[in-house]
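The values are calculated or read from the model by the stated rules, or taken from the named source; none is laboratory data. Worth saying up front: this structure is predicted, and the values here are computed from it rather than measured. A quick note on method: Cβ atoms are made from the backbone with ideal geometry, for glycine too, and the neighbour counts reach across all protein chains shown. Just the protein is used for accessible areas: all its heavy atoms, side chains included, with ligands, DNA and RNA removed. Shrake-Rupley method; radii C 1.70, N 1.55, O 1.52, S 1.80 Å.
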Amino acid sequence: HRKLLQKTLCNTLNVENEENFNLNKADREFIHRIESEVMANISNPAYSVTQLEEALFMSSATLLRKFKRLLNTTPNSYIRTKRLIMAAKILRDGESRISEVCYTCGFNTTTYFTKCFHDYYGCSPQTYQQNHSNI
């Protein structure tokens, strides 16, 4: 499951490889719905698991169970990870300030963004941008 999670999240759920994961049609559709819903609201700092539950018409317990089974993560971690992956993409472009990236990706404070980014990527957003910039 760990490899599935890493591959899935690192590919930001590019679903063309789903068949390799032996997901049934309903699971693939569910993942597409999650992806669409989260990405549509990625820059909204108020967007939370509660809104995801409402959009998917699921209770928190059911949503958590399904996330754990399919993605081996929690909905909250998934949303945060999607935000961080998007932030890394923007940072690679090298044209945005760290604070702009932070707010564009739905984080409320640069301090929390920097902490989450460092926890996920092992370096600060500034260091990441310097080392990975496409400019």
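Taken over region 84-126, the criterion of being touching a residue at least 40 places away in the same chain (Cβ under 8 Å), among the polar types (S, T, N, Q) and not in a helix (DSSP H, G or I) is satisfied by N108 alone. Within region 74-103, the set of residues being among the hydroxyl-bearing types (S, T, Y), over 17 Å from H132 (Cβ atoms) and surrounded by fewer than 18 Cβ atoms within 10 Å (Cβ to Cβ) comprises T74, S77, S99, Y103.
Within region 12-45, the set of residues being at pLDDT below 50 and open to solvent by 50 Å² or more (accessible area, probe 1.4 Å) comprises N14, E16, E19, N20.
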